[in-house]
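Report on the following structure.
Coordinate-derived values only; no laboratory data. The shown structure was predicted, so the numbers you read here are calculated from the model rather than taken from an experiment. Counting neighbours? That spans all protein chains shown, and the Cβs are built from the backbone with ideal geometry, glycine included.
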Amino acid sequence: MKKYIFLLLIITLVSCKSNKTEKFYKTLYLTTNNADLYAFDIQKKALKWHQPNFNPEVSSDLSYFTVKENFIIKSYRDGSIIRFDKATGKILNKFQDKEDETQFFYGYDFNEVAFLHFYQYPQLYEDNVIFGNSHGEIKSINTENETQNWIYIQPQIIYSSPKIVDKIVYANLNYTIVALDIKTGNKLYSTTLDKPSPNEIIIDDNSVYILDEDYTLYCYDLKLQLQWKTPIQNSTTSFPNFFTIIENHIYFGMKTLYCVDKKSGKMQWELISNGTETEEILSVAKAANGIIAMTNKQLIKINNKGKRVFNKDISENLSGSLFKSNGWYYYLTTNGNLKRISNDLQTEELFYKGIATLPDGIDNSYFYAE
C-alpha cells in the first residue's frame, strides 16, 4: 500500500510539473503590414474582433502592440498610439505624438525627415507608455492624462522600439545603444557600434544583443559592457528578414540562415536556401530538437546541427512571420489567408480567410497569444 501511495505521489508530481510547463492559449492576436489588428478565438477558429487601419495612406506599415490584462496598446506609423479594449476591440483612448516643442533648442536637422513611428510596440511601465520617433525622441507619456514625464532627444532617426529591463530603458540609436533611467530619462550607460544598425535590440538572460549592417553581432551586459563580438563571414549585403533568439541560439538571415551560440558568440552552423533566386528565409520558430524555418514556398525542419530533416511544400506563397502556439504553427499567405499546420508539418488547415495585407509593403507580420 505504501509503495502504491508513493508511486501515485510521483505520478502526481510529474503531472503537475508537466502542466506548469505546457501553456494553452485561448486568444491569438495578429497585426499585418497593413496595420490592421485582429483577435481570434483559437478553439473556435473564429474572429473575435477586427480593427481596420484608420489612416491607410500614412500608417500602412507593420507596427507592433503590447497586450496587458484588460487592454491592448498599439502604435501606428503616423504617431498615433491607441488603447483598445482587449475583449471587444473598442477604442478606449488615443494619443497623438508630435515633435516636441523644445526640439529646436538642440539644433538637430529633421526638416527632410517625416515625423513617423517605426516599429514601436510601444512599451509600458506602470501608467506610462515609452516609445521613440523618427525625429530622434524617446518619450515617456502618462497614458491617463497624456502628460509627458520625460524626453530624451538625440540626432538619429529611431527605427526600432526601446526595450525595458529592470527599470532601465534600452534603445538602439543606429550607431549607439543607450540605457536610460525609466523614471527620469537620464542616460545611465551607452556604447558605440562599429557600423549603424536599424535592427531592434534583443535582451535575453541579462544580455543585450544587436546585429549591425555589416553582419557583426554584438553581445553586451546590462551596463553595456561588451562581452563578445562576432563578424559573420560570407554574408550578403541585404539586411536579414529576422533576428531572434530561441533558447540558447541566435538566428538571423535571408538567403542564408545563421545560428550563433548566444553565450559564446561562436557560429554553430549556417544553411543556404536552395530555392529560387527570389526565395528567402522569412522567419524561424522553435521545434522539437531544432527549429522550423519558413521560406516563401516551404516550411523546413532543421535539426540542432543545422541539417535539413524535412521539407513541407506549401501551395500558396507565404508571407510575414511564423508563430507557434498550442501545437500549431501559424502563418499568412500573400492571398490574405491565415493558415496553420500541425507540429509534425503534416496537417495543414485554413484558420481564417480575408486578412488585410499590403502587397507592396514590408513582408512581415506580428503574432501574440495568451
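In the chain, the longest principal axis of the Cα atoms and the axis of helix 2-21 are about 40 degrees apart.
Report, in deg cm²/dmol and to the nearest 500, the calculated mean residue ellipticity at 222 nm for the chain, where each DSSP H run with n ≥ 4 adds -39500 (n - 2.57) and the sum is divided by the residue count. Kindly include the intermediate steps, with their values, before the conclusion.
Working: 3 runs with 28 residues, N = 370.
Helices in the chain give a 222 nm mean residue ellipticity of -2000 deg cm²/dmol.
Projecting label points 7 angstrom from Cα along Cα→Cβ for GLU99 and ASP214 puts them 3.3 nm apart. Semi-axes of the equivalent ellipsoid for the chain, computed as √(5λ) from the eigenvalues of its C-alpha gyration tensor and ordered from largest down, come to 33, 26, 24 Å. For the range 273-336, trypsin sites (Lys or Arg not before Pro) are listed when DSSP marks them as loop and at most 11 other Cβ atoms sit within 10 Å of their Cβ; the list is LYS305, LYS307.
Go ahead and run the numbers for FRET between THR184 and LYS223, Cβ-Cβ distance against an R0 of 22 Å, rounding to 0.05.
Values: r = 17 Å, r/R0 = 0.80.
Result of the calculation: an efficiency of 0.80.
Computed over the range 183-280, the P(r) curve from all C-alpha pair distances, binned at 5 Å from the origin, holds 2, 12, 24, 24, 17, 9, 6, 3, 1, 1, 0 percent per bin. Bridging of LYS187 to aspartates and glutamates at a Cα separation below 14 Å is possible for GLU137, once same-chain residues fewer than 8 apart are set aside.
Remark: relative contact order (the chain) = 11 percent; criterion is Cα-Cα distance under 8 angstrom and separation of 6 or more residues.
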